[in-house]
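A.B. asks: There's a structure below that I have some questions on.
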Amino acid sequence: MTTAPSSTSTASRSLNSVAVYCGSNRGLDPGFANAAVNLGNVLAERQIGLVYGGGHVGLMGVIADAVLQNGGTVHGVITTALEEKEVAHQGLSKLDVVETMHERKAIMADAADAFIMLPGGLGTFDEFFEVATWTQLGIQSKPCGVLNVNGYFDELLALLDKATAEGFVRIFHRDIIIIETDPDRLLDQLGAWSQQ
């Protein structure tokens, strides 16, 4: 588990790096890959490094390539098992190969100033909600954002609202998760976030 960084006391934080969790597939909607390219372009333009799962496949590969093609830096973290399946991206600025998913998650969380979830599956949900829970528990003080591409996360966000309405999630914990459809606005809000 990660050690909590000191919480920021200013209204704006400097985002030097952002961890992005997303699918190892592209999904059926071409808009998902377009959104990954757009986010990668914006990260590179803003000189915000990408931290991600280290793969060259799916949306993971799309966003990494977009950042690299625009002169940005990409730090990948992948497990030995996935590297052996030749899933690892070989053109990254930095690639850490670790033994377990627990190590992978901890290194990614430590290396990032904020977290963004793009469309993906179970692994994407798992990794994003783990870091959101770490922020909720005060293990870290880092913002968490969802880039809601073409309504992909609508039902998930409705579930979060339902959990809040039913008393399982406190309102200020629900507010930990910032939702946007535009990458620039999302990054602006992540930069302006401060923990209650």
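Please treat every number below as a calculation from the coordinates, not as lab data. What you see is a predicted model, and the numbers here were worked out from it, not measured in a lab. Positions of Cβ are backbone-derived with ideal geometry, glycine not excepted, and every protein chain shown enters the neighbour counts.
A.B. asks: In degrees from 0 to 90, rounded to the nearest 10, what is the angle of the helix 154-165 Cα long axis to the longest principal axis of the chain?
C.D. replies: 30
A.B. asks: Once amide H atoms are placed 1.01 Å from N in the peptide plane, what residues at a sequence separation of 5 or more from residue 49, or on another chain, have their amide H within under 5 Å of its amide H?
C.D. replies: Residues meeting the amide H criterion: 17, 18.
A.B. asks: Can I ask one more? Measure nothing but the geometry: give the 0 to 90° angle between the long axis through the Cα atoms of 122-137 and the longest principal axis through the Cα atoms of the chain, rounded to 10°.
C.D. replies: 40
A.B. asks: If you take the charge dipole of the chain about its Cα centre, with +1 on Lys and Arg Cβ and -1 on Asp and Glu Cβ, which of 31, 97, 115 is farthest toward its positive end?
C.D. replies: 115
A.B. asks: Can you give the helix-only mean residue ellipticity at 222 nm for the chain, where every DSSP H stretch with n ≥ 4 adds -39500 (n - 2.57) and the sum goes over all residues, rounded to the nearest 500 deg cm²/dmol?
C.D. replies: Here the helix-only value at 222 nm equals -13000 deg cm²/dmol.
A.B. asks: For region 135-196, which trypsin sites (Lys or Arg not before Pro) are in a loop by DSSP, counting at most 15 other Cβ atoms within 10 Å?
C.D. replies: When the trypsin sites (Lys or Arg not before Pro) of region 135-196 are filtered for loop state and at most 15 Cβ neighbours within 10 Å, 170 remain.
A.B. asks: Another question, then. Please name which of 148, 81, 132 has its Cα lying farthest along the dipole of the chain towards the positive end, using unit charges on Cβ (Lys, Arg +1; Asp, Glu -1) and the Cα centre as origin.
C.D. replies: The Cα lying farthest towards the positive end belongs to 132.
A.B. asks: Assign unit charges at the C-beta atoms only (+1 for Lys and Arg, -1 for Asp and Glu), then state the dipole size of region 157-196 relative to its Cα centre in Debye, rounded to the nearest 20.
C.D. replies: Value, rounded to 20: 220 debye.
A.B. asks: What order do you get for 181, 79 when you list them from fewest to most C-beta neighbours inside 10 Å?
C.D. replies: Fewest-to-most Cβ neighbours within 10 Å comes out as 181, 79.
A.B. asks: Once you mark the GluC sites (Glu not before Pro) that are in a DSSP loop and have at most 16 other Cβ atoms within 10 Å, what is the longest gap between them in the chain?
C.D. replies: Between exposed loop sites, the widest span is 1-85.
A.B. asks: Can you give me the pair-distance distribution of region 65-196, C-alpha pairs, 10 Å bins, whole percents?
C.D. replies: 11, 37, 37, 14, 2
A.B. asks: I'd like to know which of 66, 181, 169 lies farthest towards the positive end of the charge dipole of the chain, counting +1 on Cβ of Lys and Arg and -1 on Cβ of Asp and Glu.
C.D. replies: Toward the positive end, the furthest listed residue is 169.
A.B. asks: Now, a different point. Amide H to amide H, which residues 5 or more places from residue 140 or on other chains are under 5 Å from it, using H placed in the peptide plane?
C.D. replies: For residue 140, the qualifying residues are 135.
A.B. asks: Let me know the charge dipole size of the chain about its Cα centre in debye, to the nearest 20, where only the beta-carbon of Lys, Arg (+1) and Asp, Glu (-1) is charged.
C.D. replies: Dipole size: approximately 320 debye.
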